[in-house]
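Here's the structure, in structure tokens; my notes come after.
None of the figures in this text is laboratory data; all of them are computed from the coordinates on show. Owing to the predicted nature of the structure, the values given are computational and were not obtained by experimental measurement. Positions of Cβ are backbone-derived with ideal geometry, glycine not excepted, and every protein chain shown enters the neighbour counts.
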Amino acid sequence: MNDVPAYVSILFLLTTFAAVAIFLQAVRSAGLESVAAKILLFLLPLWIVLQTVLGSGGFYQLTETNPPRIIVFGVLPAILLIVLFFIFFREFIDRLPLRLLTIIHLVRIPIEITIYWLFLSGMMPKMMTFQGVNFDILTGVFAILAYFLGFRNGVANRPVLIVFNLVGLALLLLIVTIAALSVPSPLQQMAFDQPNRAVLFFPYLFLPTLVVPLVFASHLVSLYKTLRGNTQ
């Protein structure tokens with residue numbers, strides 16, 4: 001990672017913790033006294049520390065394992081936690097504020113800029129950038145419109161929020177698929193000349209293990225609430 005300028009890591013870390021801060025504010029708004037909130041407040045810092053230790057120790061850089069370590073120890077636990085919350089803590093999910101779950105997607109603008117800089121540094125393939133087939137930056141731009149149009153005059157506009165979250169989720173799943181198939185591993189299917197190596201190193205491992213799960217969960221919760229008519 002010596003070829004990556006320091007300002008890239010600084011921007012990425014600031015963006016990552018901005019996403020965490022917005023999400024924690026949403027948790028606070030839903031009620032810190034709940035069991036669900038206490039679980040999140042315990043697990044999130046623990047998860048950040050664990051991923052930092054694994055990434056800094058080179059754990060994810062051993063790429064011969066199948067399935068890849070970054071998936072088993074970084075991505076799947078986060079997905080499992082999201083599923084468990086939808087099963088056991090739907091009342092808590094109903095109290096998460098849609099406004100914060102919408103504005104959190106602004107972080108996707110600096111994330112996409114970071115990805116482009118990582119491509120220029122040889123750590124990610126061009127297809128993962130906005131010069132390739134990654135249009136996820138549009139979700140960050142449209143988050144501004146969705147926020148102002150979706151909550152105009154204090155009344156939530158369900159069609160606007162539903163469309164925004166469906167499109168944002170589709171763009172997210174597209175780039176996640178490309179990223180997963182570009183990581184050096186037995187499962188790699190593309191970008192062999194310049195693979196997605198950045199996510200195997202600290203701090204960029206926070207992209208698949210923290211930032212993506214947060215925005216993914218935000219889309220799912222927003223769709224769950226708006227489709228059920230809960231616009232709070």
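Taking amide H atoms as placed 1.01 Å from N in the peptide plane, the amide H of PHE151 lies under 5 Å from those of ASN157, each 5 or more residues away in sequence or on another chain.
As a proxy for reagent exposure, ARG95, ARG197 were ordered by neighbouring Cβ count within 10 angstrom, fewest first; the result is ARG95, ARG197. All C-alpha to C-alpha distances of the range 15-135, sorted into 5 Å bins beginning at zero, yield P(r) values of 2, 9, 14, 17, 20, 17, 12, 7, 2, 0 percent in whole numbers. In whole angstrom, how far apart do the alpha carbon centroids of the range 186-226 and the range 97-124 sit? If we compute the Cα centre of each part, the gap is 11 Å.
Counting every other Cβ atom within 10 Å of each residue's Cβ, SER29, SER9, SER56 order from fewest to most as SER56, SER29, SER9.
Ordered by the number of other Cβ atoms lying within 10 Å of each residue's own Cβ, fewest first, LEU62, LEU106 fall into the sequence LEU62, LEU106.
Take the Cβ-Cβ distance between LEU62 and PHE130 as r, set R0 to 25 Å, and report the resulting FRET efficiency rounded to the nearest 0.05.
On the way: r = 31 Å, r/R0 = 1.24.
For LEU62 and PHE130, the calculated efficiency is 0.20.
Residues of the range 137-180 with an amide N closer than 12 Å to a point placed 7 Å from the Cα of ARG90 along the Cα-to-Cβ direction: none.
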